[in-house]
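Let me begin by presenting the structure, written as C-alpha cells, before commenting on it.
The values are calculated or read from the model by the stated rules, or taken from the named source; none is laboratory data. Since we're looking at a predicted model, the values are computed, not measured. Neighbour counts are summed over all protein chains in view; Cβ atoms, including those assigned to glycine, are modelled from backbone coordinates with ideal geometry. Side chains are part of the model used for accessible areas, which takes the heavy atoms of the whole protein and leaves out ligands, DNA and RNA. Shrake-Rupley method; radii C 1.70, N 1.55, O 1.52, S 1.80 Å.
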Amino acid sequence: MLRLFFVLNARLAHQRGRALLSVAGIALGVALGFGVQLVNRAAVNDLAAAVRAVAGTADLEVRGARTGFPDALYAKLARLPGVALASPAVDLRAGVAGTERSVRVIGVDVLRAARMHPLLFASLPRADRLALLEPDRVLLSAGAARALDLGKGGKLSLVVGLSRVELRVAGVLPAAALPGQVALTDVATAQWRLERLGELNRVDLRLAPGVDRDSMRAKIAALLPAGSFVVPVETAAAESADPSRAYRVNMNVLALVALFTGGFLVFSAQALEVARRPRAPALLRVLGAPGRGVESRVVIASGAGGLGGGARRGARRADPCQIPREAAAPRLRAGFFRGVSPQLAFDAGTALAYLAAGTAIALAGAALPALAAARRPPARALKAGDEQAMFGSLASAWPGLALLAVGAAMTELGPVGGLPVFGYAAIACVLLGGIALMPRLAQGVFDRLPPPRRVPAALALEQLRGAPGQAMVSLAAIVASFSLMVAMAIMVSSFRESVSDWLNQVLPADFYFRSTQSGDTAFLDRAFEREVLALPQIARAEFMRTTRIALDSSRPPVSLLARDLPQAGVVNTYPLVGPRYERKPGDPPAAWVNEAVEAIYGYPPGKRIE
C-alpha cells in the first residue's frame, strides 16, 4: 500500500508549477509572520530592557507631569516609613542641535543611583563614575554614541529654549548596560543646564522587605500633586510597547492573510487534482484501503507542501547574517521604535510555531477534497463523467449567505482586550461567504453570456456553464488574493486622502518652522513670535506648542496641542463630528479632543478634563 501510495502521487512531480505556487504561498505567509515577529519582538524587548535598566532595583516609580514637581517632594518620599531607598531623577527628551534627532537625557543622583542601579554602575570604571560629578559631563549609551557619531571627549549640543547647551562626553557605556539612545548625567547638571532648577519629574523607590506595595502605593499617591502618579515598574515596561501595539497586530494579521491565501492555493490544487483524477482514490478503495487511508493520501501530500514552504522560509530566517532581513528591519518597525537598535536573534520556538502554522493551513486546505474523495463510492468514481460530483454541494447559496450575515453581525461587536478581534473575523466571514457564492454568481454570469462564434471558446463556455463548482475552486485563491489586494489599496488610498484633507484644514500654511522634531526642552518665546509677526512678507502666523500629559496612569498618555485659535473659528476650520457643547458662564478654557481620546477616556462633549 505504501508503494502504491507513492506511485499514485508521482504525477504531482509533473505539476511542478502548481505545486511550487502552493509552496510559495505558504512560504510567503510563514516568512512575513516570522519576520514581523522577530523584528518587533526584538524591538519591544529592547525597550523593556531599557526601562528595567533605568529603573534598576526600584519597586515603584513616581512620575511627574512635563513640568515635574518640586524637588522638596523627594525629601518627603525618602523619609516615608517603608521606603528603603529613594533615587531622584530628571528624565527628559532633548533635541540635538543641528539635526532632526533627539536624545533622552537622564539626570541621576550618582551616589544614590549606584545603589539603585548596581548593574549599570558596576560596568563603569571608577573614573567614569566620578566624572559624572563634574559639571557639564555626560555618559552616552552605545546606541546614542553610534547614532550621533560621538565618542569620549566629544561635545553633545542640545537645544534648550532658544539657545544651545554643550555637554562634554565623559565616556560611552557598554551596549548591554543601557539600551536605547540615552545621555546619563548628574541630576544637578540636568536641572541647571536644562533649565529645571528646583524640579524633578521622577523618583525611583525601593521598598523595605515585607512592606505591602499596594498599601504603600496608596499612601504615596496621597502626597503627590495633581498630574503626578505612582506606578509599579512593570507598568512602565508594559507601556513601552503600547504605541506600536496596533501596528504589530495589523502586521501579524497581514501574515495570517498571506497564509490564508496560501491555504486557498492548496485547496484549489488538491480539489482540482481529486476532481480530474477520481479513479486514483477509487482504485485505493477497491484494493482494500479504508476511507481514512484515502483521506491521508490527499492530506499528506498537502501537508508536505506546507511543511516544505514553512521549512524553506524558517531555514532562511535561521541565518542571523542574512542581509535582506537586516535591511527590512527598520521598515518593519515603521518608525515606532526610534532610538532602538535591537539585535535580531533566531528563536527556535517561534520558528517551529510558524512552521506548524504553515503545515496546518496546508492541511486545512486539503481537508474538503480529502473528505470528498473518501466519501465518494468507488463504483461511481471509476465511471467516466463523474468528475463534477464532488462540486455538487458547493452549488447551495445558503452557506455563503449565512457567512455574510455572520460577518455583518460581527461588525457590531466591540473590541476584545482593545483589539478588533470580531472585525478581523468579520472580514474572514465576508471573504469566505463571497467565495461560497461564486458558483451561483458564475452560473448567472455564464448563462447570460452570448455563445462565441469560435468553437474552442464555445466549448470552454459550455464547460464553465456545466461546472460552476469547479470554476469556484479554480477562482478561490484568485478571488481571495485579489479581494485582499483591492481592500488594502482602498484602505491606503482612503487613509492618504483623509490625512491630506485633514492637513489642508488643520495645517493650511505655506511654510512651517519648528524648534526640534521632538523634545521637552525647546520652545519659542513671545519676543520671537512678535518678530515673526512684524515681517512684511507674513500675512498670517499661528504658533503651537506640543507636549504629552498623563491623565490616567492606567491609560496611554495624551498629546496636548496648545495653539492659536484660527481666525475663521474652530467650527469652520476643524473637521468636528458629533454633538457640540455650548459654553456657559464660568466654564474653564475649552479643549477639543479627537475620537481616540473620546473612546479611551470617555470624554463626551461637555465633560471637564482635570
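Decide, for region 175-220, between rounded, prolate and oblate: order the square roots of the alpha carbon gyration tensor eigenvalues as a ≥ b ≥ c, take rounded if a/c falls under 1.5, and otherwise choose prolate if a/b is larger than b/c, else oblate. Could you put the intermediate results ahead of the total?
Working: a/c = 3.39, a/b = 1.55, b/c = 2.19.
It is oblate, given that a/c is not under 1.5 and a/b is not larger than b/c.
Going by a ≥ b ≥ c, the root eigenvalues of the Cα gyration tensor, does region 67-153 fall in the rounded group (a/c under 1.5), the prolate group (a/b larger than b/c) or the oblate group?
Working: a/c = 2.57, a/b = 1.51, b/c = 1.70.
Note, shape of region 67-153 comes out oblate.
Can you sort THR411, THR235, THR99 by 1.4 Å-probe accessible area, starting with the largest? Before the final figure, lay out each step's value.
Working: THR411 85, THR235 40, THR99 65 Å².
Result of the area sort, largest leading: THR411, THR99, THR235.
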ask   = With each pseudo-label sitting 7 Å past Cα toward Cβ, what's the ALA460-ASN252 distance in nm, one decimal?
value = 4.4
ask   = Based on the Cβ-Cβ distance from ALA541 to PHE495, what FRET efficiency comes out when R0 is 41 Å, to the nearest 0.05?
value = 0.85
ask   = How many angstrom lie between the C-alpha centres of region 522-584 and region 115-151?
value = 38
ask   = Assuming R0 = 22 Å, what is the FRET efficiency of PHE528 and GLU195, from their Cβ-Cβ distance, to the nearest 0.05?
value = 0.85
query = Using the C-alpha atoms of region 478-610, what convex hull volume per residue, in cubic angstrom, is computed?
reply = 198
remark   = Put ARG608, ARG137 in order of accessible area, largest first, probe 1.4 Å, and you get ARG608, ARG137
query = At q = 0.13, 0.15, 0.18, 0.26 Å⁻¹, what is the log10 ratio I(q)/I(0) for region 131-215, with the Debye formula run over Cα points and no solvent?
reply = -0.51, -0.64, -0.82, -1.29
ask   = Among the lysines, which have Cα under 27 Å from the Cα of LYS219 when same-chain residues fewer than 8 positions away are ignored?
value = LYS76
query = In terms of modelled amide H atoms, which long-range or inter-chain residues lie less than 5 Å from the amide H of LEU200?
reply = PHE69, ASP71
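Ordering ASP128, ASP525 by how much accessible area each has at a 1.4 Å probe, largest first, what is the list? If you can, show how the numbers build up before the last one.
Working: ASP128 25, ASP525 55 Å².
Listed by decreasing accessible area, they come as ASP525, ASP128.
At a 10 angstrom cut-off on C-beta neighbours, averaged per residue, how do the peptides 563-576, 437-450 rank from highest to lowest? Write down the numbers at each step before the final one.
On the way: 563-576: 11.1, 437-450: 14.9.
Ranking the peptides 563-576, 437-450 by packing returns 437-450, 563-576.
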request  = Would you mind putting 583-596, 480-493, 145-158 in packing order, based on average other-beta-carbon counts within 10 Å, highest first?
outcome  = 145-158, 480-493, 583-596
ask   = Which lysines does LYS584 reach when only Cα atoms under 19 Å apart count, and residues fewer than 8 places away in its own chain are ignored?
value = LYS607
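What is the packing order of peptides 100-109, 534-543, 413-422, taking the mean over residues of other C-beta atoms within 10 Å and listing the highest first?
Values: 100-109: 22.1, 534-543: 9.4, 413-422: 12.3.
So the peptides 100-109, 534-543, 413-422, ranked by packing, come out 100-109, 413-422, 534-543.
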